[in-house]
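One structure below.
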Amino acid sequence: MRKRVPRYLFRAFDESSGGGSEVAVIIDAIEVMPKLGVDTNLTSVNGTSPLHHAAQIDHHEIAMKLLEVGSAPHAMNRMQQTPLIVAARRAATQIVSMLMKLGCNPRIADCHEQTALRHASQQPNIEVFLKLLNAGWDLYQLDNENRSSVYFALSQRPLDTFVYAHCFDLSDLYSVQDGFQMPALPPGMWTLRQFLGYASATIRCQFLAWSSARMVPPLIHYAITDGQRALSICIKVGADLEMKHHNGDTAVLAACRLESLTLFTME
């Protein structure tokens, strides 16, 4: 019969709240456990080890002590998640850094084929995201739904700004199963110019059609806000000059109302 970690240990983690004398007591107890023959790699019924749990509640001091006494950094729970994947999902920056120094395989994924980077791409913590990305994690590795980290990063600010601004291959927005998919968040208006400037012609057309159905069409937005350079990009990539705002104005009419028609005559 497989031994399980005592529930009181996890309960003590939860009650420690990340600091104070409670954490010191837990760290002292962890240090003594191997001397008493207690295996720090024992798991709960769902395969969660003490290190998994420390990552889940972002106790970096406890995680460090567990690693020091021999807790397995690459152990998997029943979801096939390593402590690193759990830490990335929780945006536990210090624990992610500690575990990465131990040499983790960037391609390891959980039962849903989601890597640590894939989990990090759904958090607003750009530090964890960049740590994993710069260390070799694949931004385009697909999960079991054929969606990748870049797809989710484009739906999470501030990660979306980073991805758009650094000119990643946005062809990954084409899902193997579902065809063209746009993320939940369109490019911020200040990054839209870069996006339209480097995206392929197919993605430009798809994006312009998608954005016009869900928000103020980019062409009209720039006509209203006197955004000459961005307006120029929109026109060059084929934005429809007859496209209408919800009030019935085309971009040309919007520019006329604001005496910005020179934006179009200059084009």
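The values are calculated or read from the model by the stated rules, or taken from the named source; none is laboratory data. Computed from a predicted structure; not experimentally measured. So basically every Cβ, Gly included, is an ideal-geometry build from the backbone, and we count neighbours across all protein chains shown.
No other residue among Ala92, Ala87, Ala109 is within 30 Å of Leu154 (Cα to Cα), among the hydrophobic types (A, V, I, L, M, F, W, C) and in contact with a strand residue (DSSP E or B) (Cβ under 7 Å, 6 or more places away or on another chain) apart from Ala109. Screening Ala88, Ala55, Ala75 for residues that are within 24 Å of Asp160 (Cβ to Cβ), in contact (Cβ under 8 Å) with a residue 12 or more places away in the chain, touching a helix residue (DSSP H, G or I) at 6+ places or on another chain (Cβ under 8 Å) and not charged (D, E, K, R) leaves exactly one candidate, Ala88. Scanning the range 40-93 for residues being in a helix (DSSP H, G or I) and charged (D, E, K, R) gives a total of 4. One residue stands out among those in the range 39-56 that are surrounded by 19 or more Cβ atoms within 10 Å (Cβ to Cβ) and among the hydrophobic types (A, V, I, L, M, F, W, C): the one that is farthest from Ala29 (Cα to Cα), which is Ala55. A single entry from His119, His74, His60 fulfils the requirement of being crowded, with 24+ Cβ neighbours inside 10 Å, at pLDDT 90 or above and not hydrophobic (A, V, I, L, M, F, W, C): His119.
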